[in-house]
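Taking it in order: structure first as structure tokens, then the write-up.
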Amino acid sequence: MDKYLIFFKLLKSYYKLNKYPLLVYLLALIFDTLAKMLSIVSIIPLVDLLSNFGNNVENENMGIILKFKEIIEALNFDYTIETTIFIFIFATFISALTEIFFYGTSRINSYKIHYYITSIAVRKFYDNGLKSINSHPFGIIQNTFQKEIENITNGIFGVLNVFSSIVQAVFLLSLAFSLSYLMSTIAFLLMIAVFLILSKLNPLIVKLGSNTTMSGNELSSALFDPLLNAKQVISFGKIGWAHDNHASKFKKHAYDSVLSQITVFSIPVAYRSLGIVSVLIALYFSIIYGEDPALLVAGLIALVKITPIVSEIMSSIGQFGLALPSIYQFEKIFDNFESSVSVKKMKKYSGLNNFIKLSKITYSHDSIRKSIVNVNLTIEKGSYIAFVGHSGSGKTTCVDIILGLLKPSDGSVFIDNNMMRDIDSESFLNNV
């Protein structure tokens, strides 16, 4: 469970920047939940009249019918078929409007979350410097921006989806229990059992998600690396190879993607089907027990409405599994999310006063090859300096370190008395 906490942390950091859209989302959730309950309850008097129970006030289960009569009469309406049909149509219409409103707020937050994660990636992409950029194939970076961030977005939004689904399920389940305790108890126990059984498939989803991420990286590299090096591909007669390699990687990624998507899609579908079967089994025993038909119909509708809501929870949990490999790849390229979210406040650069100083600078392109070792250099303001040496001796590396484009493996760069790592790089480079 601990590995899923990253989605809660990201949602919390998103909330700090987007309080208003999330508050509107919660408001829409409340309206939608209440409207769903109203649409269910409003069918009770209609079923009561149609089943000729309207005058059976002695029935021990008819308290809710009497309450409806009181409300209708207080509004100066007669307790008739026409009135109850109108109330049911009105409640259904209101429920549809609130559902649309809730869906709209959901989409708005989804896009805002996507932008939030993308903006972190863009900022970290530039801030990490050329070494980090050059250490990853462009295809993997491209795939992370194009697909993996979308998976992460779905994972974060899945937290909201799980929360809203639990809220609605709890309210509808409470309503169902108030209408038919026996039917609701049987259905609840059966649905919990189905939920626990299907949850055992979560490790499989994580594995399939990891396969999809890896094959997506390979596909993106197979497509974009030859395109970015078109001159070499054409010059060495590798056009056919580039085409066949892309076709092979595409087939592999398509297979992995379809398999993972079918699995994630199938689990909530299976739950919906088994959930309805559970409700019908509960209904059967309630009818045998002799419970009131009007209340059973309303309770049945409430339980049936719970089934797709709980299947949404299953779907969101599946999205967590698919998003975990995407999280790992994101942090491998752009650093961990904690450092991305809590950005250190940097000093703005206003101009050089005295000197630029390199103190014990060492730079390694990789774990084996070092470009420069223990360089000490002071460049006075207004002076001229030249870097001279054979190819590969570290001339360009020294200049890139002075510019802040590369971060030294060891040692420090000073701009006057300020360390370069404490200076806002964009304001510094604007002055170069």
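The values are calculated or read from the model by the stated rules, or taken from the named source; none is laboratory data. As the structure is a prediction and not an experimental result, all values here were calculated from the model. When we count neighbours, we look across all protein chains shown, and the Cβ atoms used for this are built from the backbone with ideal geometry, even at glycine. These area figures cover heavy atoms from the full protein model, side chains too; ligands, DNA and RNA do not enter into them. Shrake-Rupley method; radii C 1.70, N 1.55, O 1.52, S 1.80 Å.
Computed quantities for the displayed model
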{"read-out": "Cα coordinate range in region 93-171, projected on the principal axes (Å, largest first)", "value": "57, 21, 20"}
{"read-out": "Furthest towards positive pole of dipole, Ala28, Ser273, Leu49, structure part the chain, Cβ charges", "value": "Ala28"}
{"read-out": "Between region 200-219 and region 259-278, the alpha-carbon center distance in angstrom", "value": "19 Å"}
{"read-out": "Spatial separation of Cα centroids for region 377-426 and region 301-340, in angstrom", "value": "44 Å"}
{"read-out": "Cα centroid separation - region 71-104 against region 105-120, whole Å", "value": "35 Å"}
{"read-out": "Net lengthening on full extension, Ile239/Leu259 (0.36 nm per residue, minus Cα-Cα)", "value": "4.2 nm"}
{"read-out": "Cβ-placed point charges (K, R +1; D, E -1), dipole of the chain about Cα centre in debye, nearest 20", "value": "2300 debye"}
{"read-out": "Karplus-derived HN-Hα couplings along region 143-156 (A = 6.51, B = -1.76, C = 1.60, θ = phi - 60°), whole Hz, x at Gly and Pro", "value": "5, 5, 5, 7, 10, 5, 5, 5, 5, 4, 4, 4, x, 5"}
{"read-out": "Pair Lys3, Ser350: separation of 7 Å Cα→Cβ label points (nm)", "value": "5.1 nm"}
{"read-out": "Solvent-accessible area of Ile385 with every protein chain in place, 1.4 Å probe, in Å² to the nearest 10", "value": "80 Å²"}
{"read-out": "Long-range HN-HN contacts of Ser364 with modeled amide H, under 5 Å", "value": "Ser371, Ser409"}
{"read-out": "Inverse mean reciprocal Cα-Cα distance (Kirkwood Rh) of the chain, Å", "value": "26.8 Å"}
{"read-out": "Accessible area (Å², per residue) of region 1-51, counting only protein heavy atoms and a probe of 1.4 Å", "value": "52 Å²"}
{"read-out": "Mean Cβ count within 10 Å, highest first, over the residues of peptides 68-80, 259-271, 209-221, 168-180", "value": "209-221, 168-180, 259-271, 68-80"}
{"read-out": "Residue list for region 290-319, given a label point 7 angstrom along the Cα-to-Cβ vector of Tyr181 and an amide N cut-off under 16 Å", "value": "290-292, 296"}
{"read-out": "Note, ³J(HN,Hα) from phi for region 93-101, Karplus 6.51, -1.76, 1.60, rounded to Hz, x at Gly and Pro", "value": "5, 4, 4, 5, 5, 5, 5, 5, 4"}
{"read-out": "Highest-first arrangement of 15-26, 353-364, where packing means the average Cβ count within 10 Å", "value": "353-364, 15-26"}
{"read-out": "Solvent-accessible area, 1.4 Å probe, carbon plus sulfur percent, for the chain", "value": "65 percent"}
{"read-out": "Accessible area per residue, Å², region 257-357 with all protein chains present, probe 1.4 Å", "value": "48 Å²"}
{"read-out": "Relative contact order, percent, the chain [alpha-carbon distance under 8 Å, six or more residues apart]", "value": "20 percent"}
{"read-out": "In sequence order, calculated HN-Hα J values of region 392-399 (Karplus, 6.51, -1.76, 1.60; Hz; x Gly/Pro)", "value": "x, 7, x, 4, 5, 4, 4, 5"}
{"read-out": "Stretch gain in nm, segment Phe86-Lys19, where the contour uses 0.36 nm per residue and the Cα spacing is subtracted", "value": "20.3 nm"}
{"read-out": "Folded to 0 to 90 degrees: helix 293-334 orientation relative to the chain principal axis, Cα", "value": "10 degrees"}
{"read-out": "Angle in degrees between helix 202-228 and the longest Cα principal axis of the chain, rounded to the nearest 10", "value": "40 degrees"}
{"read-out": "Label-point separation in nm, Lys251 to Leu196, each point 7 Å along Cα→Cβ", "value": "4.5 nm"}
{"read-out": "Only Lys, Arg (+1) and Asp, Glu (-1) charged, at Cβ; region 297-432 dipole about Cα centre in debye", "value": "240 debye"}
{"read-out": "Chain lengthening between Gln146 and Thr378 when straightened (0.36 nm per residue, less Cα-Cα)", "value": "79.1 nm"}
{"read-out": "Rounded tilt (10° steps) of 181-199 against the dominant C-alpha axis of the chain", "value": "20 degrees"}
